[in-house]
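Here is the structure we will look at, set down as structure tokens.
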Amino acid sequence: MTKHLLSGHARFRAEYFSGEGDYLRSLARDGQNPSTLFIGCADSRVIPELLTTSSPGELFVVRNIANVVPALADADSSVGAAIDYAVEVLKVPHVIVCGHDGCGGVKAALDGINVLAHLTSLHEWLGAVVPAATAARALEPPPAELLKTAVEENVLQSMSNLITYPPIARGLAAHTLSLHGWVYDLAHGEVRVYDVFSEEFIAASRVGETKT
Ligand SMILES: [Zn+2]
């Protein structure tokens, strides 16, 4: 059952841990000092450390279905606690909300979550994604682009909700914190980044081009 995971762990110890032992022991001794609170989807194909080539200690990660940040009024305690700790205690200077193309949670919100009513927790959770699905439809994209548009709207919704959290609002006002919206394209292995100047998601390789 989990035999392949344990053998993978043995390989991690023999290869990664033995090679990076000094660095990993320093993290254990000195504590963490991550640069980024990364809020992503729980989808098994979206691995924050892998797609950013980050080492242990660099990303403080929250993952849930459809990378939801609930509005503070109905805050999920897991997400809210992570925001409080990362921003107020660890003083991360960056927060990334990262969605991904083909997100099953966003697709469910588009298709109608009533069919999931028997899955109480999932049904309730995905209710937070429905406004993004509605917003995407209102933009009237080509049918083939609807899910992609809804994924992007869902990232923007989570970013908008982030601002309702006092630590985020304080950090933005003090210019000690910046927010970033990403969408990971599974098929091409490239992130699209929300560009505040053009108000659209652009390929990571084009970031900076529109600032002049
Ligand atoms: Zn997803």
Inset, instruction - Kindly indicate whether any position in segment 72-84 is within 16 Å of the ligand (Cβ to nearest atom), assigned by TED's automatic domain parsing to the domain that holds Arg170, open to solvent by 60 Å² or more (accessible area, probe 1.4 Å) and within 24 Å of Ala133 (Cα to Cα). - result: no
Inset, instruction - May I ask you to list the residues in segment 85-112 that are small (Gly, Ala, Ser), more than 15 Å from the chain's Cα centre (by Cα) and crowded, with 17+ Cβ neighbours inside 10 Å? - result: Ala108, Ala109
Legend entry - Residues (among the aromatic types (Phe, Trp, Tyr) and either under 21 Å from Ser35 (Cβ atoms) or crowded, with 18+ Cβ neighbours inside 10 Å (or both)) located in segment 157-212: Tyr165, Trp182, Tyr184, Tyr194, Phe201
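Considering each of Val87, Val106 in turn, give the residue that is within 11 Å of the ligand (Cβ to nearest atom), within 29 Å of Ser35 (Cβ to Cβ) and in a helix (DSSP H, G or I).
Working: Val87 fails: within 11 Å of the ligand (Cβ to nearest atom).
It is Val106.
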Inset, instruction - Pull up segment 113-129, narrow it to residues that are open to solvent by 50 Å² or more (accessible area, probe 1.4 Å) and outside any helix (DSSP H, G or I), then point me to the one that is nearest to the ligand (Cβ to nearest atom). - result: Leu119
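For (1) within 16 Å of the ligand (Cβ to nearest atom); (2) more than 15 Å from Val129 (Cα to Cα); (3) of a type in the set (Ser, Thr, Tyr), each residue gets a yes or a no:
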| position | (1), (2), (3) |
| --- | --- |
| Phe12 | no, yes, no |
| Tyr16 | no, yes, yes |
| Gly19 | no, yes, no |
| Arg29 | no, yes, no |
| Asp43 | yes, yes, no |
| Leu110 | yes, no, no |
Inset, instruction - Check Pro56, Pro34 and return the single one that is modelled with pLDDT of 95 or more, at negative phi, out of contact with any strand residue (DSSP E or B) (no Cβ under 9 Å at 6 or more places or on another chain) and not in a helix (DSSP H, G or I). - result: Pro56
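The values are calculated or read from the model by the stated rules, or taken from the named source; none is laboratory data. For clarity, every value in this text was computed on a predicted model and none was experimentally measured. Reconstructed Cβ throughout: ideal geometry from the backbone, glycine too, with neighbour counts over all protein chains shown. Remember, those area values only see protein heavy atoms, side chains included, never the ligands or the DNA or RNA. Shrake-Rupley method; radii C 1.70, N 1.55, O 1.52, S 1.80 Å.
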